[in-house]
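Take a look at the structure below.
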Amino acid sequence: MPTVSVKRDLLFQALGRTYTDEEFDELCFEFGLELDEITSEKQIISKEQGNVKAQGASDVVLYKVDVPANRYDLLCLEGLARGLQVFKERIKAPVYKRIIPKGEIQKLIITEETAKIRPFAVAAVLRNIKFTQDRYDSFIELQEKLHQNICRKRALVAIGTHDLDTLSGPFTFTAKRPSDIKFKPLNKTKEYTACELMNIYKTDNHLKHYLHIIENKPLYPVIYDSNGVVLSMPPIINGNHSKITVNTKNIFIECTGTDFTKAKIVLDIIVSMFSEYCENQFTVEAAEVVSPNGKSSTFPELPYRKEKVRADLINKKVGIRESPANLAKLLTRMCLKSEVIGDSNQIEVEIPPTRADVIHACDIVEDAAIAYGYNNIQMTLPKTYTIANQFPLNKLTELLRLDMAAAGFTEALTFALCSQEDIADKLGLDISETKAVHISNPKTAEFQVARTTLLPGLLKTIAANRKMPLPLKLFEISDIVVKDSSKDVGAKNYRHLCAVYYNKNPGFEIIHGLLDRIMQLLDVPPSEEKGGYVIKASTGSAFFPGRCAEIFARGQSIGKLGVLHPDVITKFELTMPCSSLEINIEPFL
């Protein structure tokens, strides 16, 4: 869920009253939100970077509110305050209007060169807008929230906002070779070619995450005005020439992307949220977009559509008994203007352009439930009785845990994420051999990949407990993750059992004995015949030569056991010999 940070005092000002922290927490819950944290900029910096860095930071109280991922209209203070005001019936939901200017309409022309890179674009104008510093900050923050959410980190849609008074239309959205694009980017003092910019931004903590979208393309998308001034090079950076400020009066907004529907939604959200500050409130000036085939369209669409839903359906799904009129009132509080029509059981619901999340009758039912209040729904026993069974794999896991503990081993629970070194370098493997699932934006070097083996976690646990009396006997039964192109998510989990014996002597016979006990419990006899198990001499980069065996059971390889190589022990900062066993337990279901 996205988290929106808003200044408490500004929010209360917009709501027209103040709340205690407990009262606002309750209000958020009633509206289907969650007040995640009450903090300040100073506290955030102090927590992340230390007290020294936090000196001079603002003490203004911030509310961090968790918002449902599909409620794009609540990603800024303006939308949040408006939604809560309508919910509390203090105001009516505004009606958003698109107007065609009396003079020349702003025009964005798309050329055919964009077809293979970012083929779609939409645009609009916010005319005579009045910014304050807080409004300006909120405007920028909303763009960033949308980029991270519906825009999928700019891969689907990129937003560009420009001071229209510094530009001259019509505008052209085209694509050129990187060496042919040269302009002064946002907050820079000199001009750079697109190639130079891509190299500069490789070290930029914010922009480096978006470079991959276009860096290997032969052509880069770019938007010019009629004088050849660069507005932006989506999805990377805007031009400095048209940079908006607190004093900007007229804003030209363009959204380019690979998903036309999402581009229209993003544009509708931005203009509907901030048209509140225009001279003519909640009105947006249309812009014309001309496609490569010559077709002309005007945006934003700001579409209102009507859906019909039966009152008895809402009552049945939610588990309440409300009249159609009351249900219509509840939906109106959720910014879904509703009225009873027809046979008095039918409710007509008007879906505004800010509610792109409403795509089915069940979405309307959910909003009715939120407005009614989940705590107000009476609990009833279901009419159908079912008996639940434990998931077979989990049942097997629990049984094995008990017997592993009875065998004198202590259970450990380690992280599912680890570093590349843990599963590759320290075990004598190349990372490409591991089929590891990589985290695209790891926060620390300790959590770069999903583990492909449980062994490193146990060895690190032993390293952290070296001062404990010997021997150390640990085990873990958990999932590992490996790439699997046959699966829809590209990866698969396997339930593994891993045990480690650490002492002054390797204790191979103890680990071997543990394997025999596990197989006895699983009713698998020691036999090469089908249905039995056997161990065969093998090799492994993590094991001492001649002290490694592969385990075969029921006709397939299920894992390995042996004495760990001294290099592996040293790399995990251990000093004593160590034996290990790791098997896949899924074949025994």
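Note on region 353-375: residues that are part of a helix (DSSP H, G or I) and touching a residue at least 12 places away in the same chain (Cβ under 8 Å) amount to 10.
Set side by side, the residues LYS460, LYS536 differ, and just one is in contact (Cβ under 8 Å) with a residue 60 or more places away in the chain, of a type outside the set (Asp, Glu) and either open to solvent by 10 Å² or more (accessible area, probe 1.4 Å) or on the phi > 0 side of the Ramachandran plot (or both), which is LYS460.
With respect to the conditions (1) modelled with pLDDT under 95; (2) under 22 Å from THR256 (Cβ atoms); (3) small (Gly, Ala, Ser); (4) touching a helix residue (DSSP H, G or I) at 6+ places or on another chain (Cβ under 7 Å), ALA124 falls short on a single one, namely (1). Residues in region 223-238 include none that are over 19 Å from LEU126 (Cα atoms), of a type in the set (Ser, Thr, Tyr), in contact (Cβ under 8 Å) with a residue 40 or more places away in the chain and touching a Lys or Arg at 6+ places or on another chain (Cβ under 9 Å). The number of residues in region 483-505 that are of a type in the set (A, V, I, L, M, F, W, C) and open to solvent by 30 Å² or more (accessible area, probe 1.4 Å) comes to 1.
Out of region 514-530, which residues are open to solvent by less than 30 Å² (accessible area, probe 1.4 Å) and part of a loop (DSSP other than H, G, I, E, B)? Selection gives LEU522, VAL524.
Condition check: at pLDDT below 90, more than 28 Å from the chain's Cα centre (by Cα) and of a type in the set (A, V, I, L, M). Does ALA57 satisfy that? Reasoning before the result, please.
On the way: at pLDDT below 90: yes; more than 28 Å from the chain's Cα centre (by Cα): yes; of a type in the set (A, V, I, L, M): yes.
Here the answer is yes, as ALA57 does meet what is asked.
Just to be sure I understand the filter: pairs with C-beta atoms under 6 Å, separated by 6 or more residues or on different chains, first member in region 402-421 and more than 12 Å from LEU458 (Cβ to Cβ), second member open to solvent by 40 Å² or more (accessible area, probe 1.4 Å) and assigned to a loop (DSSP other than H, G, I, E, B). Which pairs pass? Listed by first residue and then by second, the contacts come to LEU417/PHE447; SER419/ALA445; SER419/GLU446; SER419/GLN448; GLN420/GLN448.
Can you report the number of residues in region 425-450 which are open to solvent by less than 20 Å² (accessible area, probe 1.4 Å), of a type outside the set (S, T, N, Q) and under 29 Å from the mean Cα position of the chain (by Cα)? Walk me through it before giving the result.
From region 425-450, those open to solvent by less than 20 Å² (accessible area, probe 1.4 Å) are 427, 434, 436, 449-450; that's our starting set.
When the remaining residues are screened for being of a type outside the set (S, T, N, Q), the result is 427, 436, 449-450.
In the following step, the residues that additionally are under 29 Å from the mean Cα position of the chain (by Cα) were identified as 436, 449-450.
Residues meeting the conditions: 3.
Among the criteria (1) open to solvent by less than 40 Å² (accessible area, probe 1.4 Å); (2) part of a loop (DSSP other than H, G, I, E, B), the one ARG466 does not fulfil is (1).
Annotation for region 17-31: no member residue is open to solvent by 40 Å² or more (accessible area, probe 1.4 Å), without any contact (Cβ under 8 Å) to a residue 40 or more places away in the chain and under 27 Å from GLN143 (Cβ atoms).
Right, PRO324: open to solvent by 60 Å² or more (accessible area, probe 1.4 Å) and of a type outside the set (A, V, I, L, M, F, W, C) or not?
Details: open to solvent by 60 Å² or more (accessible area, probe 1.4 Å): no; of a type outside the set (A, V, I, L, M, F, W, C): yes.
Here the answer is no, as PRO324 does not meet what is asked.
Yes or no, residue by residue, for (1) closer than 22 Å to GLU433 by Cα; (2) assigned to a helix (DSSP H, G or I):
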position	(1), (2)
LEU458	yes, yes
ILE462	no, yes
LEU474	no, no
SER485	yes, no
CYS498	yes, no
LYS504	no, no
ILE511	no, yes
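I'm checking my understanding of the structure. Among residues of region 274-314 that are among the β-branched types (Val, Ile, Thr) and touching a residue at least 60 places away in the same chain (Cβ under 8 Å), which one is surrounded by the fewest Cβ atoms within 10 Å (Cβ to Cβ)? Walk me through it before giving the result.
Going residue by residue through region 274-314, those that are among the β-branched types (Val, Ile, Thr) are 283-284, 289-290, 298, 309, 314.
Still in the list and also touching a residue at least 60 places away in the same chain (Cβ under 8 Å): 283-284, 289-290, 298.
On the way: THR283: 18, VAL284: 26, VAL289: 23, VAL290: 18, THR298: 16.
Filtering region 274-314 for residues that are among the β-branched types (Val, Ile, Thr) and touching a residue at least 60 places away in the same chain (Cβ under 8 Å), the one surrounded by the fewest Cβ atoms within 10 Å (Cβ to Cβ) comes out as THR298.
Using the structure shown, decide if VAL365 is among the β-branched types (Val, Ile, Thr) and out of contact with any helix residue (DSSP H, G or I) (no Cβ under 6 Å at 6 or more places or on another chain). Working first, answer last.
Values: among the β-branched types (Val, Ile, Thr): yes; out of contact with any helix residue (DSSP H, G or I) (no Cβ under 6 Å at 6 or more places or on another chain): no.
Judged against the criteria, VAL365 is not a match.
Considering region 562-589, and only residues there that are assigned to a strand (DSSP E or B) and under 39 Å from the mean Cα position of the chain (by Cα), the residue that is surrounded by the fewest Cβ atoms within 10 Å (Cβ to Cβ) turns out to be ASN584.
For region 443-457, what are the residues that are touching a residue at least 12 places away in the same chain (Cβ under 8 Å) and not hydrophobic (A, V, I, L, M, F, W, C)? Walk me through how you get there before you give the answer.
Filtering region 443-457 down to residues touching a residue at least 12 places away in the same chain (Cβ under 8 Å) leaves 445-457.
Matches in region 443-457: GLU446, GLN448, ARG451, THR452, THR453, PRO456, GLY457.
Scan region 328-357 for residues that are touching a helix residue (DSSP H, G or I) at 6+ places or on another chain (Cβ under 7 Å), closer than 15 Å to GLY83 by Cα and open to solvent by less than 40 Å² (accessible area, probe 1.4 Å) and jot them down. Outline the logic, then answer.
So the first thing to find is which residues in region 328-357 are touching a helix residue (DSSP H, G or I) at 6+ places or on another chain (Cβ under 7 Å), and the list is 330-331, 333-336, 338-340, 344-345, 347, 349, 353-357.
This time we only want the ones that are closer than 15 Å to GLY83 by Cα, so: 330-331, 333-336, 353-357.
Within region 328-357, LEU330, LEU331, MET334, CYS335, LEU336, PRO353, THR354, ARG355, ALA356, ASP357 meet the criteria.
Looking at the structure I just gave you, is VAL122 more than 22 Å from HIS241 (Cα to Cα) and among the hydrophobic types (A, V, I, L, M, F, W, C)? I'd like the intermediate steps shown before the answer.
Details: more than 22 Å from HIS241 (Cα to Cα): no; among the hydrophobic types (A, V, I, L, M, F, W, C): yes.
So VAL122 does not fit the description; no.
Pull up region 385-415, narrow it to residues that are of a type in the set (Ser, Thr, Tyr) and exposed (fewer than 11 other Cβ atoms within 10 Å of the Cβ), then point me to the one that is nearest to THR444 (Cα to Cα). Of everything passing the filter in region 385-415, THR386 is nearest to THR444 (Cα to Cα).
The values are calculated or read from the model by the stated rules, or taken from the named source; none is laboratory data. A quick note: this is a predicted structure, and the numbers were derived from the prediction, not measured. We place every Cβ from the backbone using ideal geometry, glycine too, and count neighbours over all the protein chains shown. Heads up: the accessible areas ignore ligands, DNA and RNA and are worked out on the full protein's heavy atoms, side chains in. Shrake-Rupley method; radii C 1.70, N 1.55, O 1.52, S 1.80 Å.
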